[in-house]
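Peer 1: Sending over a structure as structure tokens; questions will come in a sec.
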Amino acid sequence: MPETNLEQRLANLEQELSRLRAEFAERRPEDLVCIICFSGEWDKVFAALTLATSALALGSEVHVFCTFWGASLLRGGPATPCRSHKRPWPQRLLDLLMPKSIEDLPLSRMNFFGIGRRMLRSMMKKKGVADLTTLMAEARELGVHFHVCDTSVSLFGWSDAEIGRIPGCDRCGAATFLALALKSRAVFFI
Amino acid sequence: MPETNLEQRLANLEQELSRLRAEFAERRPEDLVCIICFSGEWDKVFAALTLATSALALGSEVHVFCTFWGASLLRGGPATPCRSHKRPWPQRLLDLLMPKSIEDLPLSRMNFFGIGRRMLRSMMKKKGVADLTTLMAEARELGVHFHVCDTSVSLFGWSDAEIGRIPGCDRCGAATFLALALKSRAVFFI
Amino acid sequence: MPETNLEQRLANLEQELSRLRAEFAERRPEDLVCIICFSGEWDKVFAALTLATSALALGSEVHVFCTFWGASLLRGGPATPCRSHKRPWPQRLLDLLMPKSIEDLPLSRMNFFGIGRRMLRSMMKKKGVADLTTLMAEARELGVHFHVCDTSVSLFGWSDAEIGRIPGCDRCGAATFLALALKSRAVFFI
């Protein structure tokens, strides 16, 4: 009978459409932008935070994963971090050399022991470009999610008080962040 | 009546399918490849332009955003740029140190004040690998779209004549480029 | 006749749905993660391999393209590479300066002629973090696909024996790898 035939085809179509919808929902990139902040150099952090706030302005949810040298980004902050606990000497030596706060980060080029960075900052001030501390505070207030790499913090031997720039910042591993990154529209390794 | 019932289901299906199609069209990545050329080092620019021309050959539309150190990529060009206008001293000092043209860009490693780069270029010439100037000209002729970061140009105090390597190159902000990047198949931060 | 009308609409729907399915299949990103390992610095290679093994653990197929400085990643290996064949002097000089094996790779920051790297490695050992050689072996055993850039190998004048760290590693060009990258969920340029 033709009607049964029509009914069968219709049922098939309905089933197929719902299958396609499910598949599509699972595979389409979400409105997420993920940024891996690895190198932790002043200019690159500046680029990362500019991308973060721009993506936010475009309506995306933004996640920044601070790892390795980039973990320095979260050091310091309003409260003076407690650095009195004992550390083995390679950590203490590295600590001496690593930037203590966001404004100590070196430039990736032409740093010249901080002179280049100072020059750049004075140029930015004259042109009315926001500096790194302001940009970071802005990013945080606007709702950029910051994550700090668990392995990096434990490797550098930092206490929780030392990564106090972003209170309540999430501490997670690379795999957890990558799972998020794989669902996102764009991932940046900076 | 069964027929009305069939008709109703059919109308639902048609509606759902067109909704899914619209959703899919909005969310699927387009045939775009976006490259953020940030570090402006000879070898990294080489990689960026190789990716750009390869993506073009694969049928994608390609956009390159030259920002920060990467803005140097667009300096110089056929016409001698006019550099006579007065600048404040930090800009003039930085200007003295920054590469004036594409072949002055340093290597990201083993540059040794330009000796490393010269060695590499001689090796490339012997092997018949295109040099940066040729690659850049090729990219432009084949139709790679170049954009220069508005903030960088204003920060470095360059005149329009100075970024004359690509005549008519688009000058835009990070957010404008990011909007394009979020629709693309792949984004590279180089 | 109403039934013919229904039949026609049904046929249209079936056709449209199969068209949408095909379009979707062609454009959706596959379960692939592609990593371009360009800079070949110890810490960045560490990040690249951590991402590679994490992506694998999340169920993705992972491809790593070792190019330029990153090609060093594949040098050395179990068999002592034969380095006796004659090379022109710029290649020999570069050869003298380039890392011979994975543990010779410099840090991207604070390398201090290898002292920084040694310190970092000792810190990692104390914390029980796997070192680069172990991570590389793991990546290979778990099934990360390694590709070496054809142009780089020919440019540096390496013999096949010299890139013996990953036996049977695929040698391909940038365009071939990019074609893969454009289908993937995430691409990293590291």
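Peer 1: Can you find, within the range B:118-152, the residue that is farthest from residue B:102 (Cα to Cα) among those that are of a type in the set (Val, Ile, Thr) and surrounded by 16 or more Cβ atoms within 10 Å (Cβ to Cβ)?
Peer 2: So, considering only residues that are of a type in the set (Val, Ile, Thr) and surrounded by 16 or more Cβ atoms within 10 Å (Cβ to Cβ), the one farthest from residue B:102 (Cα to Cα) is B:151.
Peer 1: Just one of B:165, B:185 is in contact with a Gly (Cβ under 9 Å, 6 or more places away or on another chain) and either assigned to a loop (DSSP other than H, G, I, E, B) or under 26 Å from residue A:190 (Cα atoms) (or both); which is it?
Peer 2: B:165
Peer 1: What about residue C:39, is it among the small types (Gly, Ala, Ser) and modelled with pLDDT under 90?
Peer 2: no
Peer 1: Which pairs turn up if I take residues in the range C:165-190 that are free of Cβ contacts under 8 Å to residues at least 24 places away in the same chain and at the interface with chain B (Cβ under 7 Å from one of its Cβ atoms) and look for partners that are in a helix (DSSP H, G or I) and among the hydroxyl-bearing types (Ser, Thr, Tyr) with beta carbon separation below 7 Å, at least 6 apart in sequence or on another chain?
Peer 2: From the range C:165-190, the pairs are C:175/B:54; C:178/B:54.
Peer 1: Within 23 Å of the chain's Cα centre (by Cα) and facing chain C (nearest Cβ under 10 Å): which single residue out of B:25, B:11, B:57 fits that description?
Peer 2: Result of the check over B:25, B:11, B:57: B:57.
Peer 1: Something else now. Identify all residues within the range A:53-71 that are in contact with a Phe, Trp or Tyr (Cβ under 6 Å, 6 or more places away or on another chain) and either assigned to a helix (DSSP H, G or I) or aliphatic (A, V, I, L, M) (or both); write none if there are none.
Peer 2: Selection gives A:64, A:68, A:70.
Peer 1: Among the residues of the range C:102-109, is there at least one that is within 14 Å of another protein chain (Cβ to nearest Cβ) and farther than 30 Å from residue B:126 by Cα?
Peer 2: Yes: the range C:102-109 contains one or more residues that are within 14 Å of another protein chain (Cβ to nearest Cβ) and farther than 30 Å from residue B:126 by Cα.
Peer 1: Can we say residue A:155 is within 13 Å of the chain's Cα centre (by Cα), crowded, with 18+ Cβ neighbours inside 10 Å, within 14 Å of chain C (Cβ to nearest Cβ) and closer than 27 Å to residue C:188 by Cβ?
Peer 2: No.
Peer 1: Out of C:39, C:60, C:54, report the one residue that is assigned by TED's automatic domain parsing to the domain that holds residue C:173, at negative phi and either in contact with an Asp or Glu (Cβ under 8 Å, 6 or more places away or on another chain) or basic (Lys, Arg) (or both).
Peer 2: Exactly one residue qualifies, and that residue is C:60.
Peer 1: Looking at the range B:4-53, which of its residues are under 20 Å from residue B:141 (Cβ atoms) and among the polar types (S, T, N, Q)?
Peer 2: The answer is B:50, B:53.
Yes/no per residue for (1) in a helix (DSSP H, G or I); (2) surrounded by fewer than 19 Cβ atoms within 10 Å (Cβ to Cβ); (3) among the aliphatic types (A, V, I, L, M):
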position	(1), (2), (3)
B:10	yes, no, yes
B:18	yes, yes, no
B:24	yes, yes, no
B:43	yes, no, no
B:46	yes, no, no
B:51	yes, no, yes
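Peer 1: Residue B:33 - would you say it is within 11 Å of another protein chain (Cβ to nearest Cβ) and either outside any helix (DSSP H, G or I) or under 25 Å from residue C:24 (Cβ atoms) (or both)?
Peer 2: Considered against the rule, which asks whether it is within 11 Å of another protein chain (Cβ to nearest Cβ) and either outside any helix (DSSP H, G or I) or under 25 Å from residue C:24 (Cβ atoms) (or both), residue B:33 comes out as yes.
Peer 1: If you don't mind, there's one more thing I want to ask. Name the single residue, out of those in the range B:69-117 being surrounded by 12 or more Cβ atoms within 10 Å (Cβ to Cβ), on the phi > 0 side of the Ramachandran plot and out of contact with any helix residue (DSSP H, G or I) (no Cβ under 6 Å at 6 or more places or on another chain), that is modelled with the highest pLDDT.
Peer 2: B:114
Peer 1: Determine the pairs where a residue that is assigned to a helix (DSSP H, G or I), located within the range A:147-161, has a partner that is buried (at least 19 other Cβ atoms within 10 Å of the Cβ) and β-branched (Val, Ile, Thr) with Cβ atoms under 8 Å apart, the partner being 6 or more residues away or on another chain.
Peer 2: A:151/A:67; A:152/A:67; A:153/A:163
Peer 1: Any residue in the range A:133-142 that is of a type in the set (Ser, Thr, Tyr), within 14 Å of chain C (Cβ to nearest Cβ) and either assigned to a helix (DSSP H, G or I) or more than 12 Å from the chain's Cα centre (by Cα) (or both)?
Peer 2: no
Peer 1: Any residue in the range C:27-36 that is crowded, with 22+ Cβ neighbours inside 10 Å, at positive phi, in contact (Cβ under 8 Å) with a residue 24 or more places away in the chain and in contact with a Phe, Trp or Tyr (Cβ under 8 Å, 6 or more places away or on another chain)?
Peer 2: no
The values are calculated or read from the model by the stated rules, or taken from the named source; none is laboratory data. All figures in this text were calculated on a predicted structure; none of them were measured in a lab. Please note: Cβ atoms are built from the backbone with ideal geometry, for glycine as well, and neighbour counts cover all protein chains shown.
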